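So the structure is just underneath, and the comments pick up after that.
The values are calculated or read from the model by the stated rules, or taken from the named source; none is laboratory data. Values in this document were obtained by computation on a predicted structure and should not be read as measured data. Ideal geometry is used to build each Cβ from the backbone, glycine not excepted, and the neighbour counts take in all protein chains shown.
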Amino acid sequence: MHKIKLLVIGPPGHPSLRALDRLKDAAEIAVGDTPEFVKEHAADAEVVLYTGLESKTLPFEEIWPYLTSIKWVHSLSAGVEKYMTPAFVESPVPLTNARGVFKRSLADFAILGILYFTKKVRRLVESQRAHKWDSFGVGWVPDKVVGIVGYGEIGQECGRLAKALGMKVHAVRRNPERSQNDPLLERVFPSERLHEMLREVDVAIAAAPLTQHTRHMLSDAEFGAMKSSAIVINVGRGPVIDEAALIRALESKTIAGAALDVFEQEPLPPTSPLWDMENVLISPHCTDRTENPDWQELSVQLFLQNFERYRKGEPLLNVVDKKAGY
């Protein structure tokens, strides 16, 4: 039986890759992440699993020229902007990703952000630390309006949980006609009506992928359109929000607060004003890194499902529109 040559770009021996042993009868597997490894193994690779398990992983653009026999590339992460070189985008080789694998954990953080500000959790913690009986009024979540910027897998999961809290869910997306009959949504807006949506929301959740159209999609004008009582949550990609504009909006009280899992520069520099702001909740891009089940193993499991579909000639899951960038 023909064995598929699987090239795994990642650290050999990484615990999350142990599940690949299930493919030993169907695939010839080579694992490595050095230029020498790529030069030796890439030419006859039929499938590439790009793991991104370590920050020093070789850039995909350096690997692509050696993939002369490639038929499919899979990303263990949901974000795919690092793959979008002109040569790869124009090629017929499909790219699949981990879209949807981490949606629940990210949506949990969005709800945490909503409750953190509505129930004034920082004040609760500080009062407890000071042994201070500090009774005060808190907010009411039902009937508040949450506006979701980017209504894909993550955005929809945020909508489900927000709806369960009694919130009204609005969304903006490039193709609003796809959500016309969505039972979660009270209103859906096209991208050009983003400001109209933002004027009405109490919470704005950024859940959009990073493309040339979404970079700095939320900036000074967008924050200026929002209520001064509104909060901003980012569970998508850091550069979708103009961080300098966000800092200005927070400092000037143009908006009330922000809960952030992703940033334009990661790690967030120690000099960033965001660290010291009392109206900011920071997660160091770890809210999807679940421990049980392990987040990386969850992503590998999706790849294994897709590999079985590939081997049988069935349609792949999570095929990325390379020209759209997500």
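Listed by position, the helices (runs of 4 or more DSSP H) inside region 35-118 whose residues that are within 21 Å of Gly155 (Cβ to Cβ), outside the structural domain of Val300 (by TED's automatic domain parsing) and not hydroxyl-bearing (Ser, Thr, Tyr) number at least 1 are 103-118. Looking across region 208-234, the residues that are within 19 Å of Val280 (Cβ to Cβ) and touching a Lys or Arg at 6+ places or on another chain (Cβ under 9 Å) come down to Asp220, Phe223, Met226, Lys227, Ser228. Does Leu316 satisfy being among the hydrophobic types (A, V, I, L, M, F, W, C), under 30 Å from Leu7 (Cα atoms) and surrounded by fewer than 20 Cβ atoms within 10 Å (Cβ to Cβ)? Against the criterion (among the hydrophobic types (A, V, I, L, M, F, W, C), under 30 Å from Leu7 (Cα atoms) and surrounded by fewer than 20 Cβ atoms within 10 Å (Cβ to Cβ)), Leu316 qualifies.
With respect to the conditions (1) surrounded by fewer than 23 Cβ atoms within 10 Å (Cβ to Cβ); (2) more than 19 Å from the chain's Cα centre (by Cα); (3) without any contact (Cβ under 8 Å) to a residue 40 or more places away in the chain, Glu243 lacks only one, and its number is (2). Within region 252-277, the set of residues being without any contact (Cβ under 8 Å) to a residue 24 or more places away in the chain and either outside any loop (DSSP other than H, G, I, E, B) or not assigned by TED's automatic domain parsing to the domain that holds Lys144 (or both) comprises Trp275, Asp276.
Residue check: is Val47 in contact with a helix residue (DSSP H, G or I) (Cβ under 9 Å, 6 or more places away or on another chain) and either more than 19 Å from Gly313 (Cβ to Cβ) or of a type outside the set (Phe, Trp, Tyr) (or both)? Answer is yes for this residue.
Residue-by-condition table, conditions (1) surrounded by 15 or more Cβ atoms within 10 Å (Cβ to Cβ); (2) of a type in the set (Val, Ile, Thr):
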site	(1), (2)
Thr118	yes, yes
Arg123	no, no
Ala130	no, no
Ser135	no, no
Val138	no, yes
Met167	yes, no
Arg178	no, no
Arg187	yes, no
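A Cβ distance below 8 Å, combined with a sequence gap of six or more or placement on separate chains, defines the contacts here; from region 175-191, residues that are without any contact (Cβ under 8 Å) to a residue 60 or more places away in the chain reach residues that are aromatic (Phe, Trp, Tyr) and not in a loop (DSSP other than H, G, I, E, B) in the pairs Pro176/Phe189. With respect to the stated conditions, Val201 is surrounded by 13 or more Cβ atoms within 10 Å (Cβ to Cβ) and either assigned to a loop (DSSP other than H, G, I, E, B) or of a type outside the set (A, V, I, L, M) (or both). Of the candidates Glu243, Glu264, the single residue that is farther than 30 Å from Gly166 by Cβ and touching a helix residue (DSSP H, G or I) at 6+ places or on another chain (Cβ under 6 Å) is Glu264.
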